[in-house]
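The structure is given below, and queries will be raised subsequently.
Since every read-out is calculated from the coordinates, none of them should be taken as a lab result. The structure presented is a predicted model; accordingly, all values stated were derived computationally and were not measured. When we count neighbours, we look across all protein chains shown, and the Cβ atoms used for this are built from the backbone with ideal geometry, even at glycine.
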Amino acid sequence: MQLRPLIVALLLLAFAITPRAAAQGFYTDFGKNRVQYHDFVWAYYESPNFMTYFYQGGQDLARFTVQYAEQCIGEIESRLEYPANTKIEIMLYHNLSDLKQSNIGLAIEQNNTGGVTKIIGNKIFIHFDGNFKNLERDIREGIARVLVQKMVFGSNIQEILQNAVLLNLPDWYVNGLVSYIGKDWDPEMDNQLRAGMLQGNYERFDLLNGQAATFAGHALWYYISQVHGPSAIPNLLYLTRINRSVESGFLFVLGNTVKGTIQEFNDYYQAQYAADTDERTTPQPDAALLKTGRYVQKRNVKLDEVKVSPNGRYIAYTTSEIGKHLVYLYDTQEGKKRVLLRNGYKSYSLAFDDNYPLLAWDARSEQLALVYERRDQIKLLLYNTTDQTKTFSNDITKFQQVTGIAFTNDPRKLVLSGVQNGQPDIFMYFIPNTKVTRITNDFYSDLQPAYLKLHNREGIVFRSNRNTDTLKTEKMDTILPLQNFDLFFYDLSNADNETDTLKTLVRITNTPLDNEFLPQQYDSTRFTFLSDMNGIRNNYIGYFDSIYLRTDTKVFFRDSLAVNPKYALDSLLKIGLIDTIIKIDVYQTIARYFPASNYSQSNLETSVAVKSAEEVQLFYSNGQYLLFKQPLPDATTLNPNLKLNNTNYRTQLDNREKARAKTKELQDALLKQKTELKAADVLPKDENPPPQQSAPNNQPPIKQLADASEPAVKPQPTDTIDIENYFFQSEFDYADEKNPANPQPDAASPNGIIMGVKNSNAAPSTAQNEPLFKRTDVRQYFTQFYIDQIATQLDNTIIYTPYENFNLSPVTFGLPDVGGLIRLGITDLMEDNKIIGGFRIPLGLSGTEYFLEYRSLRKRLDKKIFGYRKAIKNNYTITDIPDTPEFTVAAKNITTILQYSLSYPFDVNTSLRGHVGLRHDRIVFLASDRLSLALPDMYENWLYAKTEYVFDNTLDVALNILNGTRYKVYAEIHKPFEGAVNDRNVSFKFKDTGWLGIAGADIRHYQRVHKQIVWANRLATAMSFGTRKMLYYLGGVENWLIFDPNKQFDYGTPVDTEAGYAFKGLATNMRGFKQNIRNGTSYMVLNSELRIPVFAYLSAAPIRSELLRNFQLIAFTDVGTAWEGLVPFDETNQYSIVTIGQPPVEAVVKYFRNPIVAGYGFGARTKLLGYFTRLDVAWGLDSGARTKAQWYFSMGLDF
């Protein structure tokens, strides 16, 4: 029996039988922004399984995306044994900066954490970083994530709601599986796993989170597929879902527990890698010039882009921490470093781009170029080391993104790799006038350019996944650039001697199974690069050589020139038509290279100081980055004949490639044999052939051809069974949905063999080469909506307005009862338009609230329209009717608000917001007799305007645990008016109705003390002014759950009902006291809390239980005051005056009460049944006296 639904039902029953559970306070919204720097005009391609959306400049990328997605979805479905029953929607962005401008994943902040379910959709959001291999990975991971989420959590709302509550999967399980499907195992992953295994980092998966958990999960799924077979993975997923237990799935499928499987996984790879480190060099941390410390592993800090100046004195490098980038310059002579650039924002919700900043040194070591991105503009900063000045050059505006830079021999000229219209190419960039000269113009990924100036050559070396050394203009068609990366050299000295349509590159490497990285100059005759040819990224040194290719014959005629003519020349020489014949030997430039290191772990970065003959190398070892600086190896140290031993994985890769080549060879031979047999079957055989007739003139005999109406291959009888080709049918239908009777032939099976079954209806060979996606017209995107989230929760927060009308309600603040809140959110595909609506019905059935909100977020200026209505029943005592004794009558207080809001974000953290609205408060007396029937309705109308300046750079470390600062400064004005709208006239009166002004601030800072422990401080203040006033009640906490409202309000502090108050509100938190310990037109509150997440702090492992993971102990102090007038110490304040007696005999006594009160105490926080609950006990200090302990139970986050 499931206990959780029973507990929820009991709590609902307990609330239902409670007379009243009231709440106070309101949630202050801060929040980060998404800034749209330009408009996106969306269009899309539609294919059998996908809707691929793109915008201007991304059509070629969209073609690649849809072709590859259609190509790989069948394989992913087969590996998971789960079909995509509906079309998947792919949103494609040119770069990460554009993706971060989108509103995708922009959640509306909520104070109540309970009962919110995010609906899983079919959307994939990807961006292009200049590397088609990474785009391939993103497409695969996106498809895999959609299928895995639907497979595990279900595809309809009922299944999603059920499994979201009952199925809690660890990060390594889902994210690791998505990563496993998205990217094949490669040497980089193998090196990462080797380093972690030898250090024992993967013995306990419960200690891992974030990227470490994802990688460990990927490695485990890869191990399961290798040891237990690929079919074990979909079986594990299926059994995990139906049993709602990861443990059960592992036991049923693998015959071992999760812990046991992880132990086997560790034993397997530790044994493999232990024997794989022999005869390899391991970098020693003690010899490092710089080392970061192990904090980088916990804080997810990455160090890269290391560049040493040519003279060897300066080392520039970048660090990134979840989106925050720093560029450091280290002076090796002085041993000091300084920060040259700070850029970006820390954020766990926004994806962060490690492509920027880019660094490059000029040949004189005087100038460092920094390319970075800020506010959707690519910036170029030049730092001069001589006078330590910064020069901000013109923005680089001609590219969608820049992926690599290097100086040429001219300090005014850069060679860079950039993306234009989704095409990554090599360019020359002249800094003074931003002139761009294109070097390559094709669809291959050309990256990491470097300038080479060797003894007799000058050119550009770069890495590319092209399959040819001929440069020509090519647009992407059906060929997808997904090969590994080799190195190529573009000779600038010979560039002008070749035609524009046919320029050739020098291919430096040709390693289909490996990747090369970071080519650069080594000395005056050689270059260097990194490669994983043996399975570990090592240094290689190369040089150019020439080999004899051919001898060309040049024939000079009187008026022309012929090269290698095919006709005879002797006769032309005799008649004197030829002036000269020259024989020229032609040599081809080639590259030779050899390994210069044999490391046990990959070299992440290498930078060479050519003038000082030094190199800087970067390694990641045992949780920290190590930066080494050393002289270049001399000629006696280098061994051009060095042979590196392959790692076990690299050997397996070779064996698989050999097996694949042998299989293809056999398939080709079988295809050739079958083709010959079919051709022979076309010729009918006759048991009694007629005698051959001799052809006239000794011609070959004529063969008798078959009748054209006869089929070439006889069909098999339908009642026979081919026992050589039967198979077990899978639950997954692999047939073509449009023509199930004629499944499409497998691309790897030219004869139309699918799943071991011969397809007699195989399409002709011409159809087998048809692309999976046929070009269609580009279609315009029109807005369409779908359900985004559903919230069904118990709630007691003030939904919208923090103010209550003073004249049309009781003196106390009308606190909302605990009720059932139903909220539904829908959004469009791009999440630019959101509609949120709902209602709350109190358990006491009085005070029903309705609200509807529309947000338009497509442009930089965000817009919102909000409507709200609340009706609550109260009893009123009528005393001012002449000749009538006082009596009590029931009435409805109805509040209706309509508001229009604008928000202009300056950046991710800062925004300016404005609101204008109309408020209508009304009392409708309920007729129960003739007296109540005669009572007229009472109402007030208000127009108001409010402006806010909001800053928020906080970082969510955990639930209710933040780091950083956020604040809001606001001002508002309210104007009452008299209005009447009926069938006779429309009238509005604004003159002589008074006005109300309010100014205030809410400032919060969260200081990290140690690990997850934070010290949270808040200062909130507000003051009202004008002919009308605002009354603030000091005391209590926000969202206070108390079942006896009489114990919530302090009636001992007088309230001046004749002071002209327009509204009343709350000033919280002030623990240790009830509401109204002080009141006035102004208030100030200071809250200070030390928040200690006990179990999360003490445990190194991620905690599965929400109750334990979010359990926090709190020590707090509150100080506050509320007052009338300019200062709190004014003797006319209400709390300093006591009236004794009744008219006509009464005495007014003035005595000193300290306007400032304080409270202190302790509390606990945790997440209980999905709700973040708070329990506090506090003691108050009022004018030197300590109050009794006051208990507070509430729901909600933060203060």
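Tell me which of Asn243, His218, Ala271 sits at the most positive position along the dipole axis of region 170-277, charges placed on C-beta atoms (Lys, Arg +1; Asp, Glu -1).
Asn243
What full-extension length gain, to one decimal in nm, is calculated for Leu918 and Asp387 as 0.36 nm per residue of separation minus the Cα-Cα distance?
Working: separation 531, 0.36 × 531 = 191.16 nm, distance 6.03 nm.
Full extension from Leu918 to Asp387 adds 185.1 nm.
Continuing with this model, one more query. Please work out the FRET efficiency for the pair Leu513 and Glu203, using the Cβ-Cβ distance as r and a Förster radius of 30 Å; give the result to the nearest 0.05. Walk me through the numbers on the way to the answer.
Working: r = 31 Å, r/R0 = 1.04.
Given R0 = 30 Å and the Cβ-Cβ separation, E is 0.45.
Per 0.36 nm of contour for each residue apart, how much would the distance between Tyr949 and Lys398 grow if the chain were fully extended, relative to their Cα-Cα spacing? If you can, show how the numbers build up before the last one.
Working: separation 551, 0.36 × 551 = 198.36 nm, distance 3.48 nm.
Residue separation times 0.36 nm, minus the Cα-Cα distance, leaves 194.9 nm.
Please sort 449-455, 781-787 by packing, taking for each peptide the average over its residues of neighbouring beta carbons within 10 angstrom, highest first. Don't skip to the answer; put the middle values down first.
On the way: 449-455: 19.6, 781-787: 11.6.
Descending mean neighbour count gives 449-455, 781-787.
Here's another thing I want to ask about it. When averaged across all projection directions, what area in nm² does the alpha-carbon convex hull of region 286-653 cover?
Values: hull surface 96.2 nm².
Hull-based average projected area comes out at 24.0 nm².
Sticking with this structure for a sec: Which value, in nm² and rounded to one decimal, describes the direction-averaged projected area of the C-alpha convex hull of region 170-277? Could the numbers behind the result be given before it?
Details: hull surface 25.0 nm².
The directionally averaged projection comes out at 6.3 nm².
Between Ile547 and Thr473, what FRET efficiency comes out of the Förster formula 1/(1 + (r/R0)^6) with R0 = 25 Å and r the beta carbon distance, rounded to 0.05? List each step's numbers first, then the result.
Numbers: r = 29 Å, r/R0 = 1.17.
Approximately 0.30, to the nearest 0.05.
If the viscosity is 1.002 mPa s and the temperature 20 °C, what Stokes-Einstein diffusion coefficient in µm²/s follows for region 871-928 when Rh is the Kirkwood radius over Cα pairs? Write out the running numbers ahead of the final one.
Values: Rh = 15.1 Å.
So the translational diffusion coefficient is about 142 µm²/s.
What length, rounded to one decimal in nm, is gained on full extension from Ser1183 through to Asp1056, with 0.36 nm per residue of separation minus their alpha-carbon distance? Please list the in-between numbers first.
Values: separation 127, 0.36 × 127 = 45.72 nm, distance 2.20 nm.
So the extension gain works out to 43.5 nm.
Moving on to the next point. How big is the Kirkwood radius of region 989-1112, worked out from every pair of different alpha carbons and given in Å to one decimal?
Numbers: mean 1/r = 0.0572 Å⁻¹.
About 17.5 Å, per the Kirkwood formula over Cα pairs.
Using a Förster distance of 22 angstrom, determine the FRET efficiency expected from the C-beta separation of Leu1126 and Ala1001, and round it to 0.05. Working shown, then result.
Values: r = 18 Å, r/R0 = 0.80.
Result of the calculation: an efficiency of 0.80.
By the gyration tensor of its Cα atoms, with a ≥ b ≥ c the square roots of the eigenvalues, what is the shape of region 335-463: rounded for a/c under 1.5, prolate for a/b over b/c, or oblate? Each step should come with its number before you reach the end.
Working: a/c = 1.74, a/b = 1.08, b/c = 1.60.
Oblate is the answer for region 335-463, as a/c is 1.5 or above yet b/c matches or exceeds a/b.
Send over the semi-axes of region 236-356's equivalent ellipsoid, whole angstrom and largest first, taken as the square roots of 5 times the C-alpha gyration tensor eigenvalues. Mind dumping the intermediate values first?
On the way: eigenvalues 365, 114, 21 Å².
Semi-axis lengths for region 236-356 are 43, 24, 10 Å.
State the volume of the convex hull built on the alpha-carbon positions of region 768-881, expressed per residue in Å³ and rounded to an integer. Each step should come with its number before you reach the end.
Working: hull volume 19.7 nm³, N = 114.
Spelled out: Cα convex hull of region 768-881, divided by residues, is 173 Å³.
If you don't mind, another one. When the Cα atoms of region 431-551 are enclosed in a convex hull and the volume is divided per residue, what value in Å³ results?
Working: hull volume 18.3 nm³, N = 121.
Roughly 151 Å³ of hull volume per residue.
Taking N as the number of residues in region 324-411, what is its Cα Rg relative to 2.2 N^0.38 Å?
On the way: Rg = 13.9 Å, N = 88, 2.2 N^0.38 = 12.1 Å.
With N residues counted in region 324-411, Rg over 2.2 N^0.38 Å equals 1.15.
Separate question: Using alpha carbons only, what's the Rg to Rh ratio of region 918-1057 with Rh from Kirkwood? Provide the component values of the computation, followed by the final result.
On the way: Rg = 22.0 Å, Rh = 19.9 Å.
Rg/Rh for region 918-1057 comes to 1.10.
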